Amino acid sequence: MQLSLTYDAELLAEALDRLEGEFAGLPGFEAEVPGEGRMAAVLAEAAQRLGDNFPYFHPLYAGQMLKPPHPVARAAYALAMRLNPNNHALDGGRASSRMEMEAVREIAAMFGWSRFLGHLTSGGTFANLEALWVAGLMAPGKNVVASEQAHYTHSRISGVLKLPFAAVGTDDRGRMDLAALEAALKGGDVGTVVATLGTTALGAVDPLDRILALRKKYGFRLHVDAAYGGYFRLASNLEGEAQRAFECIEEADSIVVDPHKHGLQPYGCGCILFRDPAMGQWYKHNSPYTYFTSAELHLGEISLECSRAGASAVALWTTQRLLPLMRAGEFAHGLEKGREAALRLHRMIAADPHFVAGQMPQLDIVTWAARAPSREESSRRAQQVFDRAAEQNLHLALAHLPARFFQGSEWPDGDSGVPVTCLRSVLMKPEHLSWVEEIGKRLQRAA
Ligand SMILES: *Cc1c(COP(=O)(O)O)cnc(C)c1O
């Protein structure tokens, strides 16, 4: 049952019966389904086409940030699809809007907020767009500053919003360099600093506690992009500095987290939270064609997007019902297992003469380079290891990172800022912990 499909079908069938019962008072009708007789055939064709994918659900897929949604999330999403609610307005999705508010409240509570403004979005990019849009309205024309390892969309979003953007350097572990940040702050005109807790390439955690100390001194709006790392607030096995950053996350002005990254959700689920509920003022609109019919808050009144999948909220609500967002809970243990797997893989790689290990992982992402006399040769070998590992069903990722992230590489010093193609593995699945020895073996064979 590799894909657990029968499992999904059983779960779903029971819930669908229950849902049918909720609408039992309606007269029966004959649904008109164009192409009814040919559905199985075209679906079989689609299934065959989907075979052309890496096996994201399998523990030997250890490449990019792709985590299988929880079976209960898939079932809840499919269940909601029977109605296809739209969380723009209560009229489009009454139950799913309320479920969204409850689920988002639980996420905010995870970050220590009980009073806040927040909602789901189609993903992290749109959530960050909302955060920087509000930041720009609060400090018009002022700079947005993020680190060179921040997600590439921050500079692009700033461009869309016509806000000037500046990137500051990082230390050798990919965390924002505070001396560089302070230099930018002294230069003046910084309206917003974006701190990343869990960078996309390395899983690096910017030192939020010390960035907050700089906020006291210089004053700026602080946005935390925790699209990838946010849930690690619940993990108990982070190293001290990363843990401190997650502990003071409630001091931020806004936070982004992606339930579709580490929160076991299907794609189409990001989340934006503002500490100050008064930020709702910026969203006010008065369009004659949206269909608000009650005095209760409609999510469309506090989000930039109009139509949004109510099914995303239903899947998230159901998942959090099953696995509450708490420390030492089952969900937190899943994150801890991935992190432990990453530490073990890092140790195996550090002991292997074929490789130059990157820095110790701060979350669950491991990076390493191929040992070779030059950066060019190392890049070539990384590609080779990537291909040979794939032949053994071990799927890794490639990344281009500054050579200085690989200390002990013996490449010329002049190479330090130049990118090298290296290997990267994101160990997001709890199964990765029991599979990490096997992953190590296959990697060794590939090398
Ligand atoms: C993935 C990611 C994003 C972008 O989120 P999407 O959901 O892919 O749009 C932004 N920031 C960080 C740190 C991320 O890891």
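Cβ-Cβ distances below 7 Å connect the following pairs, each with a first residue in segment 417-434 that is closer than 17 Å to His346 by Cα, a second residue that is among the acidic types (Asp, Glu), and a separation of six or more residues or different chains: Val426/Asp364; Leu427/Asp364; Met428/Asp364; Leu433/Glu340. Among residues of segment 135-147 being surrounded by 21 or more Cβ atoms within 10 Å (Cβ to Cβ) and aliphatic (A, V, I, L, M), the one that is nearest to the ligand (Cβ to nearest atom) is Ala146.
Listed conditions (1) within 16 Å of the ligand (Cβ to nearest atom); (2) touching a residue at least 40 places away in the same chain (Cβ under 8 Å) are all met by Pro71, apart from (1).
Examine segment 148-156 for a residue that is within 16 Å of the ligand (Cβ to nearest atom), outside any loop (DSSP other than H, G, I, E, B), at pLDDT 95 or above and over 24 Å from Gly219 (Cβ atoms), and state whether such a residue exists.
yes
Looking at (1) buried (at least 23 other Cβ atoms within 10 Å of the Cβ); (2) more than 18 Å from His151 (Cα to Cα), find the lone condition where Leu214 falls short. All conditions are met except number (1). Considering (1) outside any strand (DSSP E or B); (2) assigned by TED's automatic domain parsing to the domain that holds Ser434; (3) of a type in the set (A, V, I, L, M); (4) within 19 Å of the chain's Cα centre (by Cα), the lone condition that Val366 does not fulfil carries the number (1). Which ones in segment 237-247 are surrounded by fewer than 16 Cβ atoms within 10 Å (Cβ to Cβ) and part of a loop (DSSP other than H, G, I, E, B)? Asn237, Glu239 - these are the residues of segment 237-247 that are surrounded by fewer than 16 Cβ atoms within 10 Å (Cβ to Cβ) and part of a loop (DSSP other than H, G, I, E, B). Of the residues making up segment 217-230, one or more are within 16 Å of the ligand (Cβ to nearest atom), of a type in the set (Val, Ile, Thr) and surrounded by 24 or more Cβ atoms within 10 Å (Cβ to Cβ). If you go through segment 232-246 and pick out every residue that is within 16 Å of the ligand (Cβ to nearest atom), out of contact with any strand residue (DSSP E or B) (no Cβ under 7 Å at 6 or more places or on another chain) and farther than 24 Å from Trp368 by Cβ, you end up with 1. Would you check if there is a residue in segment 115-133 being outside any strand (DSSP E or B), loosely packed, with under 15 Cβ neighbours inside 10 Å and away from the ligand (no atom under 11 Å from the Cβ)? Yes, segment 115-133 contains at least one residue that is outside any strand (DSSP E or B), loosely packed, with under 15 Cβ neighbours inside 10 Å and away from the ligand (no atom under 11 Å from the Cβ). State whether the residues of segment 190-200 include one that is assigned by TED's automatic domain parsing to the domain that holds Ser158 and within 22 Å of Glu106 (Cβ to Cβ). Taking every residue of segment 190-200 in turn, at least one turns out to be assigned by TED's automatic domain parsing to the domain that holds Ser158 and within 22 Å of Glu106 (Cβ to Cβ).
Is it the case that some residue within segment 249-270 is more than 16 Å from the ligand (Cβ to nearest atom), surrounded by fewer than 19 Cβ atoms within 10 Å (Cβ to Cβ) and free of Cβ contacts under 8 Å to residues at least 12 places away in the same chain?
no
Applying a threshold of 6 Å to beta carbon distances and a minimum spacing of six or more residues, or different chains, the list of pairs starting in segment 154-165 at a residue that is closer than 15 Å to Thr196 by Cα and assigned by TED's automatic domain parsing to the domain that holds Asn128 and ending at one that is within 16 Å of the ligand (Cβ to nearest atom) and not acidic (Asp, Glu) reads His154/Ala146; His154/Val194; Ser155/Phe165.
Of all residues in segment 182-206, those satisfying the criterion of being in a loop (DSSP other than H, G, I, E, B) and surrounded by fewer than 23 Cβ atoms within 10 Å (Cβ to Cβ) are Gly187, Gly188, Asp189, Ala201. In this structure, is Ala227 assigned to a loop (DSSP other than H, G, I, E, B), modelled with pLDDT of 95 or more and touching a helix residue (DSSP H, G or I) at 6+ places or on another chain (Cβ under 7 Å)? Yes, satisfied.
The values are calculated or read from the model by the stated rules, or taken from the named source; none is laboratory data. Please read all numbers here as calculations on a predicted model, not as lab measurements. So basically every Cβ, Gly included, is an ideal-geometry build from the backbone, and we count neighbours across all protein chains shown.
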